Amino acid sequence: MTSLVFVNAAQVVTCAGPGRARRGKEAANAAVIENAAVAVKDDTIIAVGPHEKVMRQSGDAEQVDCRG
């Protein structure tokens, strides 16, 4: 199993709601998270949010620096 956490992202844009493609008005449900991180296990995103919160959830996952 591969566990990664993408850190130092200036911004991550997410969509609230069900895990499927969005069209029309649904696409307006975007949220911007600043100073964000994204944790991935195998091919699944397991956490997205503020850096500190995701780091607490990601344990000893390998970090990928997204700065710049």
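Run the dipole for the chain about the Cα centre, Lys and Arg Cβ at +1, Asp and Glu Cβ at -1, nothing else charged, and hand back the magnitude in debye, nearest 20.
Numbers: 8 positive and 8 negative charges, 84 e Å.
Charge dipole, the chain, about its Cα centre: 400 debye, nearest 20.
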Among Ala47, Ala21, Gln63 - extreme Cα towards positive end, dipole of the chain, charges at beta-carbon | Ala21
What whole-number value in Å² describes the accessible area per residue of the range 5-49 for a 1.4 Å probe?
-> 66 Å²
When the accessible area of the chain is computed with all protein chains present and a 1.4 Å probe, what percentage of it is carbon and sulfur?
-> 51 percent
Amide H within-cut-off set for Ala37, under 5 Å, with H built and near neighbours excluded = Gly49, His51
Run through all the Cα pairs of the chain and give the fraction in each 5 Å bin from 0, expressed as whole percent.
-> 4, 18, 25, 21, 18, 10, 4, 1
The chain: antiparallel bridges as % of DSSP beta bridges, rounded to 5, reads 80 percent
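To the nearest 500 deg cm²/dmol, what mean residue ellipticity at 222 nm is calculated for the chain from DSSP H runs of n ≥ 4 alone, each contributing -39,500 (n - 2.57), summed and divided by the residues? Can you show the working numbers first?
Working: 1 runs with 8 residues, N = 68.
Rounded to the nearest 500, the figure is -3000 deg cm²/dmol.
The values are calculated or read from the model by the stated rules, or taken from the named source; none is laboratory data. What you are looking at is a predicted structure, and each value in this text was computed from that prediction instead of being measured. Neighbour counts run over all protein chains shown; Cβ positions are idealised from the backbone, glycine included. Each accessible area value is taken on the protein alone, full model and side chains, heavy atoms only, with ligands, DNA and RNA left out. Shrake-Rupley method; radii C 1.70, N 1.55, O 1.52, S 1.80 Å.
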